[in-house]
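A.B. asks: Okay, here's the structure, questions in a sec.
The values are calculated or read from the model by the stated rules, or taken from the named source; none is laboratory data. Keep in mind the model is a prediction, meaning the values are calculated, not measured. Please note: Cβ atoms are built from the backbone with ideal geometry, for glycine as well, and neighbour counts cover all protein chains shown.
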């Protein structure tokens, strides 16, 4: 009998998160950029062999740490950072609402789960819970499409290691609901979750774990809007847009208070001071937009107090790192959990674990 | 005032003439009556002090998940500030959302 794991799958515009619980609820977690591209491991390692060490016969050994190549259904896919750096046609399916039921979502689920399951386990069963944005959750065709895209027996290879993952989707819930499971309060507390991603911000409100639908809303604004603004200013000054990989490193450096990477354009080095200023302004602008959106949906008093009658307000998603201060100004009682980018996936995995236990209890009754 | 290189580090800084930052720095200097070189030192010290305070208020930084994930000794909040813990909330969520897919 193959081992069974509870798995939370959070496929975002910018990042995909996976959380795995084994039967004792020991947790493993991981994120990858939501970018994939067709590629060839053999071609990549042939080029690297030409530059140094010989990897013939052992192509997977030509991969550097943090690089992942998935072979599935007769095709090879570069994933995450490798796709950003080594493939011309890398895609994340940004702004495509069908991405939740796309092959890319499955590819990232298989890759992340394979990284989390112990290497000695070649075949495993995943009981999955995943989420949909509030705007699309109500569509039964979308929920059905997610299930059809992910479920099945999947033979694949990750970095040369063959695996079999049997995937079952136990439930699809609203984005934000996962975070309330993971980090919410107990009992029938009125609580809310602001989930800021790459392209969207979702507001989820609940009494205990039950959604309060009029207060659940989504908006197409996220951190990548700040990246787009930064790239536009860079292009206006230097004649070319910033690449996706450059934007990613600049924003990470900004929030981690590290020196910016060296960015060159037409043989000249971009002014770091200016880049820093533009980044500040872009994040400030988007942070203000998001704060206004939250205020418009959750205003509870004429004084402008936002979420004032909420016992708990969580800020989650990868965007939490970038705009927390803007939201704190409006919502002083905001709570930001550790690893906000994984908050939904943790809750999904916990729900998957609970549903698995209930299934077993019914089966043995 | 003579430079005391045994005590201080001195740097030359270039700011674009048409930058908002330079304009704000000059306005700051005029308003406070502090010379620009002194003000640069003061504002940099302020900035570092502020970011230390912000760091202590923020969660772990992005990209901090190691290669093989983060194995946890136990589930979230089993006996933490949230009271009943992750399993209890998951059980309540199972009641709300149900199972069996759709």
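A.B. asks: Given the criteria assigned to a helix (DSSP H, G or I) and buried (at least 16 other Cβ atoms within 10 Å of the Cβ), does residue A:237 qualify? Working first, answer last.
C.D. replies: Working: assigned to a helix (DSSP H, G or I): yes; buried (at least 16 other Cβ atoms within 10 Å of the Cβ): no.
Considered against the rule, which asks whether it is assigned to a helix (DSSP H, G or I) and buried (at least 16 other Cβ atoms within 10 Å of the Cβ), residue A:237 comes out as no.
A.B. asks: Test each condition in (1) surrounded by fewer than 23 Cβ atoms within 10 Å (Cβ to Cβ); (2) touching a residue at least 12 places away in the same chain (Cβ under 8 Å); (3) part of a loop (DSSP other than H, G, I, E, B) for residue A:258 and report the one that comes out false.
C.D. replies: Single failed check for residue A:258: (2).
A.B. asks: Assess whether residue A:341 counts as being within 30 Å of residue B:89 (Cα to Cα), modelled with pLDDT under 90 and within 14 Å of chain B (Cβ to nearest Cβ).
C.D. replies: Working: within 30 Å of residue B:89 (Cα to Cα): yes; modelled with pLDDT under 90: no; within 14 Å of chain B (Cβ to nearest Cβ): yes.
Answer is no for this residue.
A.B. asks: Same structure, new question: Is it the case, given these coordinates, that residue A:185 is closer than 22 Å to residue B:92 by Cα and within 12 Å of chain B (Cβ to nearest Cβ)?
C.D. replies: yes
A.B. asks: Of the residues A:328, A:358, A:362, only one is outside any loop (DSSP other than H, G, I, E, B), under 26 Å from residue A:248 (Cα atoms), at pLDDT below 95 and within 11 Å of chain B (Cβ to nearest Cβ); which?
C.D. replies: Details: A:358 fails: under 26 Å from residue A:248 (Cα atoms); A:362 fails: under 26 Å from residue A:248 (Cα atoms).
Only one candidate passes the filter, namely A:328.
A.B. asks: Is it the case that some residue within the stretch A:92-115 is over 16 Å from the mean Cα position of the chain (by Cα), farther than 21 Å from residue A:248 by Cα and at pLDDT 95 or above?
C.D. replies: Yes: the stretch A:92-115 contains one or more residues that are over 16 Å from the mean Cα position of the chain (by Cα), farther than 21 Å from residue A:248 by Cα and at pLDDT 95 or above.
A.B. asks: So if I check each of A:252, A:276, which one is at pLDDT below 90, on the phi < 0 side of the Ramachandran plot, surrounded by 15 or more Cβ atoms within 10 Å (Cβ to Cβ) and not in a strand (DSSP E or B)?
C.D. replies: Of the residues listed, the single one that is at pLDDT below 90, on the phi < 0 side of the Ramachandran plot, surrounded by 15 or more Cβ atoms within 10 Å (Cβ to Cβ) and not in a strand (DSSP E or B) is A:252.
A.B. asks: Looking only at the stretch B:89-102, which residues are at pLDDT 90 or above and within 7 Å of chain A (Cβ to nearest Cβ)?
C.D. replies: Within the stretch B:89-102, B:89, B:90, B:91, B:92, B:93, B:94, B:96, B:97 qualify.
A.B. asks: Which residue out of A:283, A:314, A:351 is modelled with pLDDT of 90 or more, touching a helix residue (DSSP H, G or I) at 6+ places or on another chain (Cβ under 6 Å) and not in a helix (DSSP H, G or I)?
C.D. replies: After applying the criteria, what remains is A:314.
A.B. asks: Kindly check whether there is at least one residue in the stretch B:21-35 that is at pLDDT 80 or above, within 7 Å of chain A (Cβ to nearest Cβ) and within 30 Å of residue A:281 (Cβ to Cβ).
C.D. replies: yes
A.B. asks: Taking residue A:19, is it within 14 Å of chain B (Cβ to nearest Cβ), without any contact (Cβ under 8 Å) to a residue 40 or more places away in the chain and surrounded by 13 or more Cβ atoms within 10 Å (Cβ to Cβ)? Walk me through it before giving the result.
C.D. replies: Numbers: within 14 Å of chain B (Cβ to nearest Cβ): yes; without any contact (Cβ under 8 Å) to a residue 40 or more places away in the chain: no; surrounded by 13 or more Cβ atoms within 10 Å (Cβ to Cβ): yes.
For residue A:19, the condition - within 14 Å of chain B (Cβ to nearest Cβ), without any contact (Cβ under 8 Å) to a residue 40 or more places away in the chain and surrounded by 13 or more Cβ atoms within 10 Å (Cβ to Cβ) - is not met.
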